[in-house]
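Below is one structure, written out as structure tokens; the observations come after it.
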Amino acid sequence: MSRAFRFSGPRLLAGPLLTLTCITLQPALANDADLMTRSTLSGDWGGLRHQLDSQGIKFTGDYSGETAYNADGGLQRSARYSQNIKLGVQFDLGKLYGLDNGGKVQMTINDRRGNSASEDLVGNRLPIQENFGGLYTRLTELSYERTLFSPELNVKLGYMAMGNDLGGLDSGILCNFMNAGFCGHPLNMSGGSGWTNYPNAHLGVRLKYDLSSTWQVRVAAFNVDPQSNGNSSRAWHLGPKHTTGTVLPLELVYKLQGELPGEYKLGYYYDSSDAKRIGSDKEVSGRDGHYLLIDQAVWHSQASPGRSMHAFGQYSAASTAASPFSKWYGVGLVLYTPFEGRARDTIAIGYGRAVPNPRSRDAQQDAAAANGESVPNLHSAEQLIELSYGYQATPWLTLRPDVQYIIEPGAFSAEKIDNALVLGLQVKASF
């Protein structure tokens, strides 16, 4: 048995979760009469799922598989596959125990497997498969959430990824793409600070306060523990192994309402950890960054309800003293309901630019010169163009053919690598 499966805590949970998965899939395999119309693959479990939900226990589960084939350029022509399985259960304490504003407890377990097209085939920095990384079973959330003092204030605390609630667009528009440069959060936030995105979780607390129906402020504090990120031996340990500081994000959210709705986020974060200064043996005390995220509807059809065009934009800047990834720019368009009869399909196109820190470039040149070598004359950034079509085959199954063109894949490694053309397919299913 591989080391990824050698755990003690999961033994208490893996068996019940595997049993639950088998039980939930049985109705889907036994009766496929409504398989194409049900909201989840496993259906309502003969009424049990609806009954448990009404009593305050809600089970969720989903699968994503991403296959990427490097058709031209990069390091080599071949294909790689990665997958992610997520199982969760939420306990509504108000329903379970008749409590007024009892809050909710969320537990989520995550398992990832596969190989990286970026590492093996292309050699670029932005992960071609957004679900690659941390290839083991882990606890990804154990949190408690409720309103506090007034309906306008919501608090969430526990063990969780801060990127679940901050740093991304709530609309989910960015996950119409397969590359992690778009789907999720600007990657220089986690690359240059203690910011953690799913599935890396840490102890923390998050507050949301509704200033009005359109304005909201979010603030949080999370433990910074780099030694636990991507470490399978820490997969079931809620407590930190080696705390280096605290990361404090602050986010202002504006939700534009009307015929052309929009979402705007302006954020700032500060990490109190000491970190090695790039190109120096000295340390820098504290790292910070800021970001701006936009999702704005620019057109909607009067004749076809649901058909609309949204534009998105991303800008993020990280600390130049300690982050190898200084800036990220992203723009794109997503067309919803592109064809009659395909109400839940999407067409998405995006362009992204990831800028390496000039100090990293200088350090690479100095190291090469010390070895009597030279650094290739590269442009200033890795660039990404991505086109995808989201085909909603059933309410629970999405197929997303995807094309990515990666310009200057070796911008971060200071290597001369030919531009790469990658063909991909993303499959998502809800259990």
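Values quoted throughout were computed directly from the atomic coordinates according to the rules given, and no laboratory measurement underlies them. Note that the structure is predicted; figures quoted are calculated from it, not measured. We place every Cβ from the backbone using ideal geometry, glycine too, and count neighbours over all the protein chains shown.
Legend: distances between Cα atoms for LYS282/LYS327; LYS86/LYS327; LYS95/LYS156; pairs beyond 21 Å are LYS282/LYS327; LYS86/LYS327. Taking the longest Cα principal axis of the chain as reference, the axis of helix 9-30 is set at about 60 degrees.
Along the axis of the charge dipole computed for the chain (Cβ charges of +1 for Lys and Arg, -1 for Asp and Glu, origin at the Cα centre), the listed residues LEU207, GLY158, GLY172 are led at the positive end by GLY158.
Take the Cα of ASN419, step 7 Å toward its Cβ, do the same at LEU93, and the gap between the two points is 5.6 nm.
If I fit a long axis through the Cα atoms of helix 358-370 and take the longest principal axis of the Cα atoms of the chain, what angle between them do I get, 0 to 90°, rounded to 10? So the inclination is approximately 50 degrees.
Among SER304, PRO324, GLY73, whose Cα lies farthest out toward the positive end of the dipole of the chain, if unit charges sit on the beta carbon of Lys, Arg (+1) and Asp, Glu (-1)? Working it through, the farthest residue towards the positive pole turns out to be PRO324. For segment 319-327, the Karplus equation 6.51 cos²θ - 1.76 cosθ + 1.60, evaluated at θ = phi - 60°, returns couplings of 4, 7, 6, 10, 9, x, 10, 7, 9 Hz by residue, with Gly and Pro reported as x. In summary, the lysines within cross-link reach of LYS241, defined as a Cα separation below 21 angstrom excluding same-chain residues under 8 places away, comprise LYS276.
If R0 is 30 Å, the Cβ-Cβ spacing of ALA311 and SER150 corresponds to a FRET efficiency of close to 0.30. Each Lys and Arg contributes +1 and each Asp and Glu -1, all at the Cβ; summed about the Cα centre of segment 154-305, the dipole is approximately 320 debye. Among the GluC sites (Glu not before Pro) found in segment 236-269, those both in a DSSP coil and sparsely packed, with 10 or fewer other Cβ atoms within 10 Å of their Cβ, are GLU259. A Cβ-based charge dipole, computed about the Cα centre of the chain with Lys and Arg at +1 and Asp and Glu at -1, lands at about 780 debye. Toward the positive end of the charge dipole of the chain, with +1 on the Cβ of Lys and Arg and -1 on the Cβ of Asp and Glu, the farthest Cα among GLN216, ASN371, ALA275 is that of ALA275. Extending 7 Å from Cα along the Cβ direction at GLN296 and again at LEU399 yields two label points whose distance is 3.6 nm.
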